[in-house]
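Structure, as structure tokens:
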Amino acid sequence: MAALEERFTLTAVPLGSGPDGPLGVEQSDKTDQFLVTDSGRTVILYKVSDQKPLGSWSVKQGQIITCPAVCNFQTGEYIVVHDNKVLRIWNNEDVNLDKVFKATLSTEVYRIHSIQGTEPLVLFKEGAVRGLEALLAEPQQKIETVISDEEVIKWTKFFMVFRHPVLIFITEKHGNYFAYVQKFNSRILSKYTLLLGQEEKSVTQSFSASVDRKFISLMSLSSDGCVYETLIPIHPSDPEKNQRVVRSLLLKSVVSGSARSGVALTILDHDHVAVLGPPLSASKECLSIWNTKFQTLQTSKELPQGTSGQLWYHGENLFMLHGKFLTVIPYKCEVSSLAGALGKLKHSQDPDIHAMTHFVNWETSQGYGLGSQNSEQSKRILRRRKIEVSVQPEVPPSTQLLAAVQKDSEKHIEVELRKFLAVKRTPDFHTIIGDVVIGLLGRYKAEPSFYPRNCLIQLIQTCVLSYSLCPGLMEFALEKTDVQILQLCLQQFPDIPESVTCACLKIFLSIGDDSLQETDINMESVSDYTATIQDAEIEEQTEILQNGFSPEEENCENCAQELIEKPPAATEESTSCPVTGKRAALLNAILHSAYSETFLLPHLKDIPAQHITIFLQYLYFLYLKCSENATMTLPGIHPPTLNQIMDWICLLLDANFTVVVMIPEAKRLLLSLYKFVKSQISICSELNKIEVSFRELQKLNQEKTNRELYSIEVLELF
Amino acid sequence: MGEFKVHRVRFFNYVPSGIRCVAYNNQSNRLAVSRTDGTVEIYNLSANYFQEKFFPGHESRATEALCWANGQRLFSAGLNGEIIEYDLQALNIKYAMDAFGGPIWSMAASPNGSQLLVGCEDGSVKLFQITPDKIQFERNFDRQKSRILSLSWHPAGTHIAAGSIDYISVFDVKSGSAIHKMLVDRQYMGVSKRKCIIWGVAFLSDGTVISVDSAGKVQFWDSATGTLVKNHLIANADVQSIAISDQEDSFVVGTAEGTVFHFQLVSVTSSSSEKQWVRTKPFQHHTHDVRAVAHSPIALISGGTDTHLVIRPLMEKVEVKNYDAALRKITFPHRRLVSCAKKKQLLLFQFAHHLELWRLGSTVATGKNGDTLPLSKNADHLLHLKTKGPENIICSCISPCGSWIAYSTASRFFLYRLNYEHDNINLQRVSKMPAFLRSALQILFSEDSTKLFVASNQGSVHVIRLLEGSFKHLHTFQPQSGTVESMCLLAVSPDGNWLAASGTSAGVHVYNVKQLKLHCTVPAYNFPVTALAIAPNTNNLVIAHSDQQVFEYSIPDKQYTQWSRTIQKQGFHHLWLQRDTPITHISFHPKRPMHILLHDAYMFCIIDKSLPLPNDKTLLYNPLPPTNESDIIRRRTAHAFKISKKYKPLLFMDLLDERTLVAVERPLDDIIAQLPPPIKKKKFGT
């Protein structure tokens, strides 16, 4: 599953660049170090994980860098071009760029390319290419012109294909685009005309390319907001001839069609592309990761301060300008599952797509494609529009309901919903329920005053919803801090992601007692143990918070001693619930939810230590309650089990031990947990000993029965 | 049905010996099992897992390997260095041949059944050619450094794998030279100090060798390159046995912790053709070491030190719900080890190497159902008779009057005369047994103790007249020409006129003892006979078969009785047919000719032929005693099968007189208490 991690700014000092942003970000020969060339006079070497510059070089005043600095991987030297023709080569020890190696060339340079495993290449503005060594041997050599007069190089990329370097560059002339592929093993240059297809008027704004065995896959982001793919053969059938290649639609409407600038595209891996740009015409600019195979939005990150339309991807890091700062967002793509890929969907722009479903109908997905693409692409599109296909006129309640969701008042929707729920359940019942929820949420987004709380509660209680059926619902409830809906969701949904569970936990722990008082929470998991507490609880709790720590408890031995000396206080503490009944009910819902440790742990680290302490106190209290009876269970309907309690204690301590150990309030708790574990260990060892004794007893017992080796009994057969 | 005084006897201190080897024969669907005392048993898996044959053990003959070869020939090899072939018809040892390699640890028959391979203490692997009536030494393979503990043939017969200590060798059969030596990691729980013993190997047709060893590992080796491919650590103790299915898609291993693991070759994903070995099911049916496992097409079979033979069906391979679908645990032999002198109230217990004679106690008190009565006299241990020589006892019998005891080993027949003088017993061996009385499969005295019937292993039955202190050979009923099948079961009519004898598969022969000739033969039935008895007065022969069918055959009329025809027509109750232990003894009520008493290991039953038969809707077992008078009457007349499951496991039950029963129980706990302690596993803590 592709994911963007927390972004960080590479430098606190804004780059001295204009609106154009930096010239380029290139890898250096050491991992994690990158050369950033700004559009002025400076080249900076950054260590990304440390977020600090390692070196900085500037050209003289009056000179200007025209081509981003690159690293020669074979020698470890850096190369930059200033004033179009002057080549400079230096290394880490050099301080002043004026004093380093200089070569003045005869023709203007477009780019220098350098990748691992081969010598750097120099691409001239007229389209000619030279290896660096050959060029330095005779800097003033004559450079031929390859492209025609008014053609301008727009974009270029350098690959290694089977150890042979291949360079591709795209030129533009009067709105027509041409691709040149230069192969260096055979010195063949092939030219292709890129045909745009039907969307003649669109302007291509950004290119990216990847390569596999036979083709260069060139992706372009067009001004209509769609991503197109063009396959260019590496080994052309007839290299001399000018060939034509057609582009095909890959992703539709990834950015707003009206965005004039600031859009960029880069290929991340086989199935993923990163797109920079505003997803909606009005919205802020975003960095989004798309899965091209499933045509889904994997994740996205808002860049509110705007960006420059430049995007670099090197070694799991995405670089872009955010505001005036160069920002790095680490990108990670784990092995993706279908469910993961289908999990999220962009918010559609069209108002009539509110009822679009977020799940796959495997039966009907075959025949329905998005737009007018070729058959191969239509197979990839697994989603469909619910309204068009499944909602037939002969299913009136659901149609009516979906229509009502779009426009009617809350009251009316409730009536429709009740009507719908009263009807016998159809096989697609749960899909319709999912549609309705998404419809309601969509409408809420459009008009924030519309808050169909009762409807949502009723819908959740149908027990057919799941997190993946209505991904927005819990986010909506989190946003609203509607703990009742959250509790219901936690109880009903089988597939809540750990991050959301943790967000719920955060809210449950942080929400004020007074706001909890007003909510209507299902208390059935919290039976009499909080009821007995509730009256005593308020003063008790304050007492704990105030008396939880006093300076003389500095060292553990003292505490332990104190605990031993004051058994009444300890027992008193153990009988009182550290949280209110309603909060306890909410926390119980968390305890019941399913999770996997590896995914939950990182999120648990984000919870404030004070809240962790309270939660731990509550869990410890539950444990004490459990141990009061022989069966080790809590009273009430559906209470948390001992295993759940113990697992959560372990999880919380695992995630936050270093923090909790520093908090004075938690000291007593940790001590008692420590003592508890210690006693458990001794109990286990004692049990092992007892087991041996019992076996002896059993043996004795057997001997006793053995003594009755012979008896005469009366038996009556019936 | 009435009230009985039951002598509940638990002092029969019988402990079965542990299972050492099992070998499954796919052709005949039979299982050979060898025990640590050298006994070899043959179970017929098609006949409801009935133990149809056995070969008595021998003190010096510890069997270490057992295999079927060349169709249905059974070989064993052991620590005395001999290879033994068994005669499955005559039920004796055909021949024993010294392999001259010291103790033999392993043996394997070639896939085509024509060659036999043994692995010896001195590190040699010896190849024998199987000739029609013997085996012949062919050659030695390259000698290894230490003993060969396991052997396996490649299904094509071109290579073999031999497990030794710390390494596995792969031999080329043609040249006899070792082409690979695969060293096994000695590490045991992270410490490498002990030797790693390869307890078992299996060679697959794709060249993979699977080994199990004392460090708890199951390892997969590539025999072509001699490299380790995969390693499963499955136990903290030894993995002692492995058996692979014929299709090579599943195998089973047994560990010293009593666990049996099933491995299956399953597809990596549902659609792909790539398959890998996955540990699928663990079974814990044993408390002690699982020394031997076998893999039949539909079941996993395991046996070990805890003496149980466990047959665990693979539910995915079982198509219909029948005998094969149930888990079987066979603990007790399917033959009688107890005989009883009714008049003197004596019990004779048969052990491997001795006999015990006990006199039952008595009481004067009376009581109601369920009471335990106070004893006025306890049971007495009268006699402990040790055998001479290393051979195990095959069979034994005490005469109804209690003054004769006879037993037989594989080579000698013993007859003793007992004289009771107050509390003293005088035991006198009858010497000069005739030469033909060398070994017996079954011994029986006539009701009046004047005649002795001996079933010998050539299919003949000898009739001997007993006189005070001597005997006279009266007649020998010879087997019908052309048959060599041994008679295993005998029954004599109380009036002494009729003798019934049965082998394992052919029908029951009825002889006229007065006229000394064959009277008739009961038609053969598909399933072997498990018990025989002739009723008093009517001379009806009652025959129980391993499929739980019971027939009644009138000897004078030479036909099945009306009752037998009725019950065959109606069929037995389904619960009756689902019982999984065979009926091992049948007897009759002296005063009530309509009653038949029979028992298996878990129940005894009195059939009242005068009552209507139960159908599948009626309750076969009465779980609780009735509470009121009308209930009693209603139940008493309910149906013909009066069953009690009060005494179990039941090794013997008989009617001493019309109001007294004797039941010999052997609780499993008592057996377990006499076994060595199992590997201790911690129950608490981590």
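The values are calculated or read from the model by the stated rules, or taken from the named source; none is laboratory data. Note that this is a predicted model, so its numbers are computed, not measured. Positions of Cβ are backbone-derived with ideal geometry, glycine not excepted, and every protein chain shown enters the neighbour counts. Accessible surface areas use protein heavy atoms only, side chains included; no ligands, DNA or RNA. Shrake-Rupley method; radii C 1.70, N 1.55, O 1.52, S 1.80 Å.
Structure above, values below:
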read-out: Residues of the range B:635-679 satisfying the condition of being free of Cβ contacts under 8 Å to residues at least 40 places away in the same chain and facing chain A (nearest Cβ under 9 Å); value: B:R635, B:A638, B:K646, B:D669, B:A673
read-out: Hits in the range A:281-312 (condition: part of a loop (DSSP other than H, G, I, E, B), more than 13 Å from A:S256 (Cα to Cα) and of a type in the set (S, T, Y)); value: A:T292, A:T307, A:S308
read-out: Residue that is nearest to the other protein chains (Cβ to nearest Cβ) [pool: residues in the range B:2-16 that are part of a loop (DSSP other than H, G, I, E, B) and open to solvent by less than 30 Å² (accessible area, probe 1.4 Å)]; value: B:F11
read-out: Strands (runs of 3 or more DSSP E) (entirely within the range A:46-94) containing at least 3 residues that are in contact (Cβ under 8 Å) with a residue 24 or more places away in the chain and of a type in the set (V, I, T); value: A:65-72, A:77-82
read-out: Candidates A:E708, A:E713, filtered to the one that is open to solvent by less than 20 Å² (accessible area, probe 1.4 Å), within 12 Å of chain B (Cβ to nearest Cβ) and under 30 Å from B:M653 (Cα atoms); value: A:E713
read-out: Meets criteria (open to solvent by 10 Å² or more (accessible area, probe 1.4 Å), farther than 19 Å from B:G163 by Cβ, among the charged types (D, E, K, R) and over 17 Å from the mean Cα position of the chain (by Cα)) for B:E64; value: no
read-out: Unmet criterion (only one of (1) at pLDDT below 75; (2) more than 30 Å from A:D32 (Cβ to Cβ)) for A:G262; value: (2)
read-out: Filter pass, A:W57 being crowded, with 20+ Cβ neighbours inside 10 Å and under 23 Å from A:T9 (Cα atoms); value: yes
read-out: Within the range B:442-474, tally of residues that are in a strand (DSSP E or B) and closer than 16 Å to B:V492 by Cβ; value: 16
read-out: Pair list, Cβ under 6 Å, 6 or more apart: the range B:81-92 residue free of Cβ contacts under 8 Å to residues at least 24 places away in the same chain, other residue open to solvent by 40 Å² or more (accessible area, probe 1.4 Å) and β-branched (V, I, T); value: B:I84/B:I93
read-out: Residue match in the range B:548-561 (condition: part of a strand (DSSP E or B), in contact with a Ser or Thr (Cβ under 8 Å, 6 or more places away or on another chain), polar (S, T, N, Q) and surrounded by fewer than 21 Cβ atoms within 10 Å (Cβ to Cβ)); value: yes
read-out: Subset of the range B:17-40 that is charged (D, E, K, R) and assigned to a strand (DSSP E or B) - its residue that is nearest to the other protein chains (Cβ to nearest Cβ); value: B:R35
read-out: Set A:N688, A:N629, A:N656: member being more than 10 Å from every other protein chain (Cβ to nearest Cβ) and over 38 Å from the mean Cα position of the chain (by Cα); value: A:N629
read-out: Unmet requirement for A:R668, which otherwise passes all of (1) buried (at least 16 other Cβ atoms within 10 Å of the Cβ); (2) basic (K, R); (3) within 12 Å of another protein chain (Cβ to nearest Cβ); value: (3)
read-out: Restricting the range A:156-199 to residues that are of a type in the set (K, R) and surrounded by 16 or more Cβ atoms within 10 Å (Cβ to Cβ), the residue that is nearest to the chain's Cα centre (by Cα); value: A:K157
read-out: So A:S682, is it farther than 15 Å from A:Q617 by Cβ, within 12 Å of chain B (Cβ to nearest Cβ), open to solvent by less than 70 Å² (accessible area, probe 1.4 Å) and not β-branched (V, I, T); value: yes
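Residues checked against (1) crowded, with 22+ Cβ neighbours inside 10 Å; (2) in a strand (DSSP E or B); (3) modelled with pLDDT of 90 or more; (4) in contact with a strand residue (DSSP E or B) (Cβ under 9 Å, 6 or more places away or on another chain):
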site: B:A237; (1), (2), (3), (4): no, no, no, yes
site: B:D246; (1), (2), (3), (4): no, no, yes, yes
site: B:V253; (1), (2), (3), (4): yes, yes, yes, yes
site: B:H262; (1), (2), (3), (4): no, yes, yes, yes
site: B:V266; (1), (2), (3), (4): no, yes, no, yes
site: B:T269; (1), (2), (3), (4): no, no, no, no
site: B:R279; (1), (2), (3), (4): no, yes, yes, yes
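Results for (1) outside any loop (DSSP other than H, G, I, E, B); (2) farther than 26 Å from B:S76 by Cβ, shown as yes or no for each residue.
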{"site": "B:L116", "(1), (2)": "yes, no"}
{"site": "B:R139", "(1), (2)": "yes, no"}
{"site": "B:D142", "(1), (2)": "no, no"}
{"site": "B:S169", "(1), (2)": "yes, no"}
{"site": "B:I179", "(1), (2)": "yes, yes"}
{"site": "B:R186", "(1), (2)": "no, yes"}
{"site": "B:V201", "(1), (2)": "yes, no"}
